[in-house]
1. Rounded, prolate or oblate for the range 127-178? Axes are the square roots of the Cα gyration tensor eigenvalues, ordered a ≥ b ≥ c, and the cut-off for rounded is a/c under 1.5.
2. State the percent of C-alpha pairs, over all pairs in the range 1-59, separated by a distance greater than 18 angstrom.
3. State, in angstrom, two size descriptors of the chain derived from its alpha carbons: Rg to one decimal place and Dmax to the nearest whole number.
4. Using the Kyte-Doolittle scale, find the helices of the chain whose mean hydropathy is at least -1.0 and whose Cα atoms extend 24 Å or more along the helix's long axis, counting only whole DSSP H runs.
5. Suppose we take every Cα in the range 134-244 and form the convex hull; what volume per residue is that in Å³?
6. Carbon and sulfur atoms: what percent of the 1.4 Å accessible area of the range 282-415 do they account for?
7. Per residue, how much accessible surface does the chain expose to a 1.4 Å probe? Answer in Å², no decimals.
8. From Cα pairs below 8 angstrom and at least 6 apart in sequence, can you work out the relative contact order of the chain, rounded to a whole percent?
Amino acid sequence: MSTIPSDRSPESTLAFLREGYRFVGPRCDRLGSDIFQTRLLLEPTICLRGRPAAELFYDNERFVRRGAMPMRGQRTLVGVAGVQGLDGAAHRDRKAMFMSIMTPAAVHHLGQLFDDEWRARIPAWAESGPVVLYDEVARMLTRAVWAWAGVPLADADVPRRTAEMHAMIEGPAAVGPRYWRGVLGRRRAERWAGDAIKRVRSGALPAPEGSALRVIAGHRDEQGILLPRRIAAVELLNVLRPTVAVDRFVVFAALALHDHPHWRDRVRGDDAATESFVQEVRRYYPFFPVAAARVRRSFEWQGYAFPQGRRVLLDLYGTNHHPQLWPEPEQFRPERFDDWRGDPFGLVPQGGGDHFTGHRCAGEWITIELLKRAVGNLTGSMSYRVPPQDLALDLGRMPALPPSGLVVDGVRRTA
Ligand code: HEM
């Protein structure tokens, strides 16, 4: 048995928080290995990247999710006892609940709602001065996904709800006030989400057939028991929060159109080119740095020992930028997806493997649909300018976003 290469640091948590998306990859490069061992959050941790590693990581026989997500992630981003931390039959059952919401018709419907929001906002942008695209898109996504999920939302509450979603997303990798805003945002959101679940169950709030609110409120687990209200609230937020988070990808798509303006004409009205563009946005730009699991039972892989209980991180960003998988990975080249046949372990911005049986993101199809709608509107429904501003992406900050949030001005409706 070989010894897993080590970064030899007594504790790397601060380095991880400081280096962000660049924590795993450069260490792999330095050690000449796509696997190394380090210490994170005071325990030994194996870090992996690349396609074979992704295939290993998404093998449910070898890994479990129970106890893998650090407490700070549960207190802010995902909540306690949601689908992300389940294994085996309990996971399959809960995941089926999510996937039942993601029919092609439902995905299309959400895209249409987002499209309607976007078109309705263009006149206001044309009248106003500069607008911050990130803030605007976040609020449009909030309105669209609340309506789609069947959750009532007063106009006056849109900024507050959007801020709660952002706080949860910003929380896990933050220290100090940004972390505590995440904790508070989650507490508040679980309260009103739990209240909505309660009112649906009592019949006080009608929720449309097939909507996320109706499905989650009425879901019975594999033993036929309704989800405890608090867990149902966590799962409702597992639909609302990440849909609002698509705002970051929309900003990245707008940034890509700004940095590579010739793509504006290529994607306009061309569904296949838009799809390639959107896939490259998901591959190229940083979002989730890593996914975490624990070894179910000790095993050996490529001559290395994986002891039972060991925490393992898969570098999602690093896999999406692996030179063996993606030639010239630091080049933004949507045409690499023109003849792409799909690979469940190659393109992993939202996890790998199977949507139904594994932990791959339940909202991947929604994300692609919303991004296509956004690119359609940015290139087909409006013209705009991008004034000078700080658009530099800091790969040490998780989750990443250009500091300006991408300001646009001079908006004109074009269709
Ligand atoms: C903003 C873009 C998104 C990104 C970057 C993203 C990323 C991810 C990642 C990395 C995972 C974890 C994979 C793993 O644990 O191995 C995940 C899981 C999940 N995502 Fe997303 N996601 C996004 C959008 C969405 C949307 C729109 C929804 C729902 C409407 C959603 C719902 C979920 C759920 C429920 C899980 C847990 C799946 C499971 O544990 O089985 N996500 N996502």
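The values are calculated or read from the model by the stated rules, or taken from the named source; none is laboratory data. None of the values given here were measured: they were computed from a predicted structure. Quick reminder, even Gly has a Cβ in these numbers, built from the backbone with ideal geometry, and neighbours come from all protein chains shown. For the accessible areas, the whole protein counts, side chains as well, though only heavy atoms, and no ligand, DNA or RNA atoms are used. Shrake-Rupley method; radii C 1.70, N 1.55, O 1.52, S 1.80 Å.
1. The shape class here is oblate.
2. Details: 547 of 1711 pairs.
Of all Cα-Cα distances in the range 1-59, 32 percent exceed 18 Å.
3. In order Rg, Dmax, the Cα atoms of the chain give 21.2, 68 Å.
4. On the way: long enough: 104-127 (36 Å, -0.42); 177-202 (37 Å, -1.21); 229-259 (46 Å, 0.89).
Both cut-offs are met by 104-127, 229-259.
5. With only Cα atoms used, the range 134-244 gives 107 Å³ per residue.
6. On the way: 2780 of 5490 Å².
C and S atoms contribute 51 percent here.
7. Working: 17700 Å² over 415 residues.
Per residue, the chain has 43 Å² of solvent-accessible surface.
8. Details: 731 pairs, mean separation 106.2, N = 415.
Computed value for the chain: 26 percent relative contact order.
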